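J.: One structure, pasted below without further comment.
What follows draws every value from the coordinates through simple rules; no lab data is involved. Because the structure is a prediction, the values reported are computed rather than measured. Ideal geometry is used to build each Cβ from the backbone, glycine not excepted, and the neighbour counts take in all protein chains shown.
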Amino acid sequence: MNSKQYKQLAENPIFFERNRVFRVYQGGKLFHDFFGDEDKDGNLPEEWIASDVKALNQNSSDPHEGISRIRGTDVYLDELIKAERARLLGDREDFGILVKALDSAIRLPIQAHPDKAFSRKYFSSDYGKAESWLILATRENAKIYFGFKNEVTEQEFLSAIERSETDKKAMEELLNEIPVHKGDVFLVPAKVVHAIGYGCLILEIQEPTDFTVQPEAWCGDYHLSDFEKYLGLSQADALKCFDYTIYGDKAEQLGRKHPRIVKQTSAVTSEVLIGAEDTPCFSVHRHRITKGNMLLEQAPCVYIVTEGEGCIKKGDYKQNLKKGDYFFLPFAAKGMCHVETEQELELVECLPPKKEG
């Protein structure tokens, strides 16, 4: 692709080929109603959305695994960012977030993610993996696990890790079990013990890494390797990811967030789901457009249509939108695109961290 073609791609909303990513857990059936995929579970339970992040899958031979390919081209998003950084990102060095949709048919392993300091020390990365969850749909009796149920010592946690080899509930029993429903929002700060439970279709916005420490022995019927548990670290170092002080009722109070309306007109209702007061790592907004249009004033940004249908316009450019569609809005298109609907459309807006200074 020549420089003129790169430039053209970087000046309009960017749509992508589907990007389902392998994981060791089963899921994906709920993608049927959201993306229109086949109505079955499998080992491709995650869709990485407008991603320039590589998946850390053991023994993977795909150099692009997890990285999104631009629709109708052979160009990957990381390649376009390298060629057209200013048009895509403005004065940012990188995009700074990763967005996923995931559907869990089983409980995922008990886990925690590093903060920035841990990542700098052990992974030479400026990013940890704080994340947030918006529940898009559920199966019956869907749940998550968040924070310890009671105060737990490191030795008690180590004992549960050892017992998890033969008792698959040994670690689960230490955590708060929380039923979830469509529309629930959670912030998962770094170092908080947690697990996505059975039956959750989640839109996950996070720092742009795939760093997960999951010391539990099993993921369903799959036995985790030491690398899959500890990412090449010693157990002692890896377990420094866990904060044992987050337990009881204060855990759910820390994690559960309540949408806050910040703008309401006859055509648009805008809410903050995760804001700067919640975390400096990213922001998530939701817009409900009713028989009208909305100017897209934020970029660079990832947008996901979570309900309804409509279109996006920029001058002579027009692209129809429906539930499950997503796109990256380049900095060069900031304030130049409108989303329109003749009925109703819900749009989730995923923003990178604000630049310091």
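J.: Can you tell which of Ile135, Pro63, Asn2 lies farthest toward the positive end of the dipole of the chain, using +1 and -1 charges on the Cβ of basic and acidic side chains (Lys, Arg; Asp, Glu)?
T.: My answer, from the dipole projection, is Asn2.
J.: Using just the helices of the chain, give the 222 nm mean residue ellipticity in deg cm²/dmol: DSSP H runs with n ≥ 4 each add -39,500 (n - 2.57), and the total is spread over all residues, rounded to 500.
T.: Numbers: 9 runs with 58 residues, N = 357.
The helix-only estimate for the chain comes to -4000 deg cm²/dmol at 222 nm.
J.: For Gly310, what is the net charge nearby, where nearby means another residue's Cβ is under 9 Å from its Cβ and Lys, Arg count +1, Asp, Glu -1? Mind showing how you got there, number by number?
T.: Numbers: positive: Lys322; negative: Glu309, Glu340, Glu342, Glu344.
Summing Lys and Arg as +1 and Asp and Glu as -1 gives -3.
J.: Multiplying the sequence separation of Glu173 and Arg139 by 0.36 nm and subtracting their Cα-Cα distance, what value in nm do you get? Please list the in-between numbers first.
T.: Numbers: separation 34, 0.36 × 34 = 12.24 nm, distance 2.17 nm.
Full extension from Glu173 to Arg139 adds 10.1 nm.
J.: If r is the Cβ-Cβ distance from Lys318 to Ala117 and R0 is 41 Å, what FRET efficiency results, to the nearest 0.05?
T.: 0.35
J.: Tally Lys/Arg at +1 and Asp/Glu at -1 over every other residue whose Cβ is under 12 Å from the Cβ of Asp94; what's the total? Show your work: numbers first, answer last.
T.: Numbers: positive: Lys82, Arg85, Arg92, Lys355; negative: Asp52, Asp78, Asp91, Glu93, Asp126, Glu207.
Net of charged neighbours comes to -2.
J.: Largest first and in whole Å, give the semi-axes of the chain's equivalent ellipsoid, each being the square root of 5 times a Cα gyration tensor eigenvalue. Please list the in-between numbers first.
T.: Working: eigenvalues 233, 99, 74 Å².
After scaling each eigenvalue by five and taking roots: 34, 22, 19 Å.
J.: Leaving out same-chain residues fewer than 8 places away, which aspartates and glutamates sit with a Cα under 12 Å from that of Lys7?
T.: Excluding near neighbours in sequence, the set is Glu84.
J.: While we're here: Straight distance only, please: which aspartates and glutamates reach the Cα of Lys291 with their own Cα at less than 16 Å, same-chain residues fewer than 8 apart left out?
T.: Counting by Cα, and skipping residues close in sequence, Lys291 has these aspartates and glutamates nearby: Glu307, Glu309, Glu340, Glu342, Glu344, Glu346.
J.: Taking a threshold of 22 Å on the Cα-Cα distance, which of the pairs Lys129/Lys354; Lys82/Lys121; Lys257/Lys355; Lys229/Lys355; Lys182/Lys354 fall above it? Present the calculation step by step, with values, prior to reporting the outcome.
T.: On the way: Lys129/Lys354 16 Å; Lys82/Lys121 26 Å; Lys257/Lys355 24 Å; Lys229/Lys355 33 Å; Lys182/Lys354 29 Å.
Flagged as over cut-off: Lys82/Lys121; Lys257/Lys355; Lys229/Lys355; Lys182/Lys354.
J.: A further question follows. Put a dot 7 Å past each Cα toward the Cβ at Ala236 and Glu165; how far apart are the dots in nm?
T.: With each label point 7 Å from Cα toward Cβ, the separation is 2.0 nm.
J.: Taking the Cβ of Val185 as the centre, find all other residues whose Cβ is under 13 Å away and add up their charges (Lys, Arg: +1; Asp, Glu: -1). Before the final figure, lay out each step's value.
T.: On the way: positive: Lys182, Arg256, Lys257, Arg260, Arg286; negative: Glu131, Asp184, Glu204, Glu252, Glu271, Asp278.
Charge balance in the 13 Å sphere: -1.
J.: Let me ask another. How far is helix 154-163 tilted, in degrees, relative to the longest principal axis of the Cα atoms in the chain, given as a value from 0 to 90 rounded to the nearest 10?
T.: That helix lies at roughly 90 degrees to the long axis.
J.: Would you mind calculating the relative contact order of the chain from Cα pairs under 8 angstrom and at least 6 residues apart, reporting the percent as a whole number? Mind dumping the intermediate values first?
T.: Values: 906 pairs, mean separation 66.8, N = 357.
Reported as a whole number, the value is 19 percent.
J.: Dipole of the chain (Lys/Arg Cβ +1, Asp/Glu Cβ -1, origin at the Cα centre): which of Gln155, Pro179, Leu351 lies farthest to the positive side?
T.: Looking along the dipole axis, the top candidate is Leu351.
J.: Give the cross-link partners of Lys40 among the lysines, using a straight C-alpha distance below 17 Å as the criterion and excluding same-chain residues fewer than 8 apart.
T.: Excluding near neighbours in sequence, the set is Lys29.
J.: Going through the cross-link list Lys263/Lys334; Lys143/Lys322; Lys54/Lys318, which pairs have a Cα-Cα distance over 21 Å in this structure?
T.: On the way: Lys263/Lys334 19 Å; Lys143/Lys322 28 Å; Lys54/Lys318 31 Å.
Going by Cα-Cα distance, Lys143/Lys322; Lys54/Lys318 fall outside the 21 Å limit.
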